[in-house]
Amino acid sequence: MRLELAKAAELIPGNAEAHAYLAAINFANGKDEVALEEYKKALALKPDNAVWRSDYALLLARVGRAEEGLQELRKVVDVPG
C-alpha cells in the first residue's frame, strides 16, 4: 500500500490525503524523517486538518523537537471546528 500511496502522491501532488497517509505509515514504522516531510506536504495543502497537525506535533516531540511540537498543538486549538 505504501508504494501505491507514494505513486498517488507523485502523480497528484495536490493530494493531501495521500501525503497524510504516507506520513502516518512512516510514523508508525519509525521512519520519522520521511513522516515529517509527508506531514509538511499534507499540511501545506490542508493546514486546518487538526488530526494531521496533532500527529505532526507528536512526531516532532518524538524526534526531540518538543518546542516546535508545542507550537503545532497551539495551532490545533486555533483551528475552527
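Of all residues in segment 45-79, count the ones that are within 16 Å of Ala35 (Cβ to Cβ) and either of a type in the set (Asp, Glu) or touching a Cys at 6+ places or on another chain (Cβ under 7 Å) (or both).
Residues in segment 45-79 being within 16 Å of Ala35 (Cβ to Cβ) and either of a type in the set (Asp, Glu) or touching a Cys at 6+ places or on another chain (Cβ under 7 Å) (or both): 3 in total.
Kindly provide the set of residues from segment 47-56 that are open to solvent by 70 Å² or more (accessible area, probe 1.4 Å) and among the aliphatic types (A, V, I, L, M), ordered by number.
Within segment 47-56, the first condition is being open to solvent by 70 Å² or more (accessible area, probe 1.4 Å), and the residues that meet it are 48, 51.
Once the filter is applied, which keeps residues that are open to solvent by 70 Å² or more (accessible area, probe 1.4 Å) and among the aliphatic types (A, V, I, L, M), segment 47-56 yields only Val51.
Provide a single number: the residues in segment 29-41 that are open to solvent by 90 Å² or more (accessible area, probe 1.4 Å) and aromatic (Phe, Trp, Tyr).
0
Quick test for you: out of Leu11, Leu59, Leu22, pick the one residue that is at pLDDT below 95, crowded, with 19+ Cβ neighbours inside 10 Å and of a type outside the set (S, T, N, Q).
It is Leu22.
Looking at the structure I just gave you, is Ala44 free of Cβ contacts under 8 Å to residues at least 60 places away in the same chain, closer than 15 Å to Glu17 by Cβ and either assigned to a loop (DSSP other than H, G, I, E, B) or open to solvent by less than 90 Å² (accessible area, probe 1.4 Å) (or both)?
Numbers: free of Cβ contacts under 8 Å to residues at least 60 places away in the same chain: yes; closer than 15 Å to Glu17 by Cβ: yes; either assigned to a loop (DSSP other than H, G, I, E, B) or open to solvent by less than 90 Å² (accessible area, probe 1.4 Å) (or both): yes.
In short, yes.
For the list (1) farther than 20 Å from Ala18 by Cβ; (2) out of contact with any Phe, Trp or Tyr (no Cβ under 8 Å at 6 or more places or on another chain); (3) part of a helix (DSSP H, G or I), I need the number of the one condition that Glu37 fails.
(1)
Does any residue of segment 70-80 turn out to be surrounded by 15 or more Cβ atoms within 10 Å (Cβ to Cβ), closer than 21 Å to Gly14 by Cβ and not acidic (Asp, Glu)? Give the steps one after another, and end with the answer.
If we filter segment 70-80 for residues that are surrounded by 15 or more Cβ atoms within 10 Å (Cβ to Cβ), which is where we start, we get 72-73, 75-76.
If we keep only those that are closer than 21 Å to Gly14 by Cβ too, we end up with none.
Checked segment 70-80: no residue is surrounded by 15 or more Cβ atoms within 10 Å (Cβ to Cβ), closer than 21 Å to Gly14 by Cβ and not acidic (Asp, Glu).
The values are calculated or read from the model by the stated rules, or taken from the named source; none is laboratory data. This structure is a prediction, so every number in the text was calculated from the model and none was measured. Methodologically, a virtual Cβ is constructed for each residue, glycine included, from the backbone with ideal geometry; neighbour enumeration extends over all protein chains shown. Each accessible area value is taken on the protein alone, full model and side chains, heavy atoms only, with ligands, DNA and RNA left out. Shrake-Rupley method; radii C 1.70, N 1.55, O 1.52, S 1.80 Å.
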